[in-house]
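Contents: one structure, followed by commentary.
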Amino acid sequence: MKDAKLVSKQSAGHKSTVRLNDRVTIGDREIIIVGGPCTVESHEQMDAVATQLQSSIQALRGGVYKPRTSPYAFQGMGVNGLDILSTVSQRHDLPIVTEVMAIHQIEEIAAQAHMLQVGSRNMQNFDLLKALGEVDKPVLLKRGLAATIEEFVMAAEYIVSHGNPNVVLCERGIRSFDNYTRNVLDLGAVAALRQITHLPIMVDPSHAAGKSELIADLSRAAIACGADGLIIECHPEPEKSVSDARQALSLAEMAALVTSLKPIAQAVGRDLCPPMAPAQPSSSPRHPAAEKPSEKQLVAA
Ligand code: PEP
Ligand code: MN
């Protein structure tokens, strides 16, 4: 990996950290938990996640532009979803991580989100990576569905070499012959990446496992293996998730999972972030029903 000039461990001499806001930094001693649904569906949904997980998570996730296998599946709420994320983020003081699928979406997403996710399907969309190099927001780069570790590292090098040093790598499982789990969580890659690069590393056990009952064990393993954070899908009513319902944890399961990580984190010289002070109880929804996905869209999903 001689071309990993900027992201290799030798190039920095120390581990780098990526700041989402004044309170949340990825790559320090404290482990960061990002939680939320696969897809933003309504204000009520996002507000329930933020309210109930305020003391468990440090950032909220939720896609508003969704890469779906089928063109007939719900494609995301777009700009209305961004407004929901932004409202809930401000009310609960939780930074937002959301996916950017195309160059033309960067400006509008960067105006509201704290971290821009590059999904697996776009890990080698080199024009998108170059454009994100010019953005003044951190990037969460997910490993491609069948990307080698070298290809993953070099994708990060694209973003950093185009001017944006704030990149976090995210292992989210890779394709294998066995479809019992949706993908195979490659913890070997996490161990290797810690030696190859100075960039912070997160793990997404949700898209790796694809089954909610496997996620707590994989989360604990990821922390034991040295991950700097986790990004996990959860939903107020998991079985009603518009996308990725099978892997969605309930909010109670999510809170219990986070509690169970503490002794693992401490065993490897890390800790969890201390809970934030509770937020104001939320008032009535600010977003009219018209902003929700239509019945037709939800059926199509
Ligand atoms: C997601 O985070 O919802 C997602 C689509 O992830 P990935 O790109 O890893 O499949
Ligand atoms: Mn998902």
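Values quoted throughout were computed directly from the atomic coordinates according to the rules given, and no laboratory measurement underlies them. In this text the structure is predicted, and so the values were computed from the model without any measurement. Glycine also receives a Cβ, built like all others from the backbone with ideal geometry; neighbour counts cover every protein chain displayed.
Can you name every residue in the range 9-53 that is within 16 Å of ligand 1 (Cβ to nearest atom) and either of a type in the set (Asp, Glu) or in a loop (DSSP other than H, G, I, E, B) (or both)?
37, 38, 40, 41
Testing residue 135 on (1) within 22 Å of residue 31 (Cβ to Cβ); (2) more than 16 Å from ligand 2 (Cβ to nearest atom), one condition comes back false. Which one is that?
The failed condition is (1).
Please enumerate the residues belonging to the range 176-209 that are among the β-branched types (Val, Ile, Thr) and within 16 Å of ligand 1 (Cβ to nearest atom). Quick ask: steps written out before the conclusion?
Going residue by residue through the range 176-209, those that are among the β-branched types (Val, Ile, Thr) are 181, 184, 190, 196-197, 201, 203.
Correct list: 181, 184, 190, 201, 203.
Limited to the range 228-279, what total is found for residues that are assigned to a helix (DSSP H, G or I) and more than 16 Å from ligand 1 (Cβ to nearest atom)? Before you say what the answer is, go through the steps one by one.
Let us first name the residues in the range 228-279 that are assigned to a helix (DSSP H, G or I), namely 238-240, 245-247, 251-267.
Then drop every residue that is not more than 16 Å from ligand 1 (Cβ to nearest atom), which leaves 239-240, 251-253, 255-267.
Within the range 228-279, residues that are assigned to a helix (DSSP H, G or I) and more than 16 Å from ligand 1 (Cβ to nearest atom) number 18.
Just one of 84, 103, 109, 149 is touching a Ser or Thr at 6+ places or on another chain (Cβ under 9 Å), free of Cβ contacts under 8 Å to residues at least 60 places away in the same chain and more than 12 Å from ligand 1 (Cβ to nearest atom); which is it?
Numbers: 84 fails: free of Cβ contacts under 8 Å to residues at least 60 places away in the same chain; 103 fails: touching a Ser or Thr at 6+ places or on another chain (Cβ under 9 Å); 149 fails: touching a Ser or Thr at 6+ places or on another chain (Cβ under 9 Å).
So the residue among 84, 103, 109, 149 that is touching a Ser or Thr at 6+ places or on another chain (Cβ under 9 Å), free of Cβ contacts under 8 Å to residues at least 60 places away in the same chain and more than 12 Å from ligand 1 (Cβ to nearest atom) is 109.
Table: residues versus (1) under 18 Å from residue 9 (Cβ atoms); (2) of a type in the set (Gly, Ala, Ser); (3) part of a loop (DSSP other than H, G, I, E, B).
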site	(1), (2), (3)
124	no, no, yes
141	yes, no, no
176	no, yes, yes
214	no, no, no
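Identify all residues within the range 81-117 that are small (Gly, Ala, Ser) and buried (at least 20 other Cβ atoms within 10 Å of the Cβ); write none if there are none.
Answer for the range 81-117, where residues must be small (Gly, Ala, Ser) and buried (at least 20 other Cβ atoms within 10 Å of the Cβ): 81, 89, 113.
Given the condition away from ligand 2 (no atom under 16 Å from the Cβ) and at positive phi, answer yes or no: does some residue in the range 207-227 qualify? Outline the logic, then answer.
Here is the first cut: in the range 207-227, the residues away from ligand 2 (no atom under 16 Å from the Cβ) are 213, 216-217, 220-227.
Still in the list and also at positive phi: 226.
For the range 207-227, residues away from ligand 2 (no atom under 16 Å from the Cβ) and at positive phi: present.
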